[in-house]
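For reference, the structure discussed in these notes is given below.
The values are calculated or read from the model by the stated rules, or taken from the named source; none is laboratory data. Keep in mind the model is a prediction, meaning the values are calculated, not measured. Quick reminder, even Gly has a Cβ in these numbers, built from the backbone with ideal geometry, and neighbours come from all protein chains shown.
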Amino acid sequence: EAGVAQSPRYKIIEKRQSVAFWCNPISGHATLYWYQQILGQGPKLLIQFQNNGVVDDSQLPKDRFSAERLKGVDSTLKIQPAKLEDSAVYLCASSRDKNTEAFFGQGTRLTVV
Amino acid sequence: GENVEQHPSTLSVQEGDSAVIKCTYSDSASNYFPWYKQELGKRPQLIIDIRSNVGEKKDQRIAVTLNKTAKHFSLHITETQPEDSAVYFCAASLNSGYSTLTFGKGTMLLVSP
């Protein structure tokens, strides 16, 4: 089966600029996650969707980050405005449902300069 | 929320030796414990998982043990090979609604030939 697709793979922006990431989960997967992985650390959940509804966004910095999953398939994550500390790999993952294997995309490496 | 601690942060072994990575979790309601392997620049990939109704699970050279009373679980790799070199992450998932995977900070395993 096709894996989780993410784009772009790499992005370099200046601080205070905006950026958006796109994710296409595995077909049929109801649960979609966005994780932030800072260099040398484990992935940290930003937001979790079940179909097109948000079930956990407690760690999403809502003053600058936003995400949506219209129609319960693809998802976009936006940062506006970006800060230096947002430099990280943004991983999208999907799973068939809760407590089943989460499959990760290749990630988008964001560098904020 | 859940908190997952992982030790050690780095582990160096000789080829053929065994490697053990340990994790503890804080919330006794967690019931799903996956382990992910992440090679440099690549996506995390599930290598083994265990649920709270099982004490041990094996898959060839890899095994995971779970002690619910002590709230810790461990990854055991026997007969290590250079291709086992990677960062390994443990994670825990709460058994409440649409649960969220919380990751440890990772262990860099280096297997020397």
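Only one residue in A:54, A:73, A:89 is within 14 Å of another protein chain (Cβ to nearest Cβ), modelled with pLDDT of 90 or more and out of contact with any Leu (no Cβ under 8 Å at 6 or more places or on another chain), so which one is that? One residue alone meets the criteria, A:54. Given the condition buried (at least 19 other Cβ atoms within 10 Å of the Cβ), touching a residue at least 60 places away in the same chain (Cβ under 8 Å) and on the phi < 0 side of the Ramachandran plot, answer yes or no: does some residue in the stretch B:37-44 qualify? Yes, because at least one residue in the stretch B:37-44 is buried (at least 19 other Cβ atoms within 10 Å of the Cβ), touching a residue at least 60 places away in the same chain (Cβ under 8 Å) and on the phi < 0 side of the Ramachandran plot.
Would you check if there is a residue in the stretch A:35-48 being under 27 Å from residue B:88 (Cα atoms), touching a His at 6+ places or on another chain (Cβ under 8 Å), touching a residue at least 40 places away in the same chain (Cβ under 8 Å) and not in a loop (DSSP other than H, G, I, E, B)?
Initially, the stretch A:35-48 is screened for residues under 27 Å from residue B:88 (Cα atoms), giving A:35-48.
Of the ones still in play, those that are also touching a His at 6+ places or on another chain (Cβ under 8 Å) are none.
Looking for residues that are under 27 Å from residue B:88 (Cα atoms), touching a His at 6+ places or on another chain (Cβ under 8 Å), touching a residue at least 40 places away in the same chain (Cβ under 8 Å) and not in a loop (DSSP other than H, G, I, E, B), one finds none in the stretch A:35-48, hence no.
Scan the stretch B:73-95 and tell me whether some residue there is within 14 Å of chain A (Cβ to nearest Cβ), surrounded by fewer than 18 Cβ atoms within 10 Å (Cβ to Cβ) and out of contact with any Gly (no Cβ under 6 Å at 6 or more places or on another chain). Yes. Go through the residues of the stretch A:52-69 one by one and say whether even a single one is crowded, with 19+ Cβ neighbours inside 10 Å, free of Cβ contacts under 8 Å to residues at least 60 places away in the same chain, closer than 18 Å to residue A:23 by Cα and touching a helix residue (DSSP H, G or I) at 6+ places or on another chain (Cβ under 9 Å). Yes: the stretch A:52-69 contains one or more residues that are crowded, with 19+ Cβ neighbours inside 10 Å, free of Cβ contacts under 8 Å to residues at least 60 places away in the same chain, closer than 18 Å to residue A:23 by Cα and touching a helix residue (DSSP H, G or I) at 6+ places or on another chain (Cβ under 9 Å). For the stretch B:10-37, the candidate set comprises residues that are under 12 Å from residue B:86 (Cα atoms) and either of a type in the set (A, V, I, L, M) or at the interface with another protein chain (Cβ under 9 Å from one of its Cβ atoms) (or both); within that set, the residue that is nearest to the chain's Cα centre (by Cα) is B:36. Of note, residue A:83 satisfies the criterion of being touching a residue at least 60 places away in the same chain (Cβ under 8 Å) and not small (Gly, Ala, Ser). Scanning the stretch A:1-51 for residues that are at the interface with chain B (Cβ under 10 Å from one of its Cβ atoms) and of a type in the set (Gly, Ala, Ser) gives A:3, A:30, A:40, A:42.
For every residue, the table says whether it meets (1) on the phi > 0 side of the Ramachandran plot; (2) touching a residue at least 60 places away in the same chain (Cβ under 8 Å); (3) touching a His at 6+ places or on another chain (Cβ under 8 Å); (4) not hydroxyl-bearing (Ser, Thr, Tyr).
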residue: B:50; (1), (2), (3), (4): no, no, no, yes
residue: B:57; (1), (2), (3), (4): no, no, no, yes
residue: B:65; (1), (2), (3), (4): no, no, yes, no
residue: B:76; (1), (2), (3), (4): no, no, no, yes
residue: B:79; (1), (2), (3), (4): yes, yes, no, yes
residue: B:102; (1), (2), (3), (4): no, yes, no, no
residue: B:105; (1), (2), (3), (4): no, yes, no, yes
residue: B:110; (1), (2), (3), (4): no, yes, no, yes
residue: B:113; (1), (2), (3), (4): no, yes, no, yes
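One residue stands out in the stretch B:49-61 among those that are within 12 Å of residue B:73 (Cα to Cα) and assigned to a strand (DSSP E or B): the one that is farthest from the other protein chains (Cβ to nearest Cβ), namely B:56. Selection within the stretch A:96-113: residues that are of a type outside the set (Lys, Arg) and more than 9 Å from chain B (Cβ to nearest Cβ). The member of this set that is surrounded by the most Cβ atoms within 10 Å (Cβ to Cβ) is A:108. Would you say residue A:32 is of a type in the set (A, V, I, L, M) and touching a helix residue (DSSP H, G or I) at 6+ places or on another chain (Cβ under 9 Å)? It is true that residue A:32 is of a type in the set (A, V, I, L, M) and touching a helix residue (DSSP H, G or I) at 6+ places or on another chain (Cβ under 9 Å).
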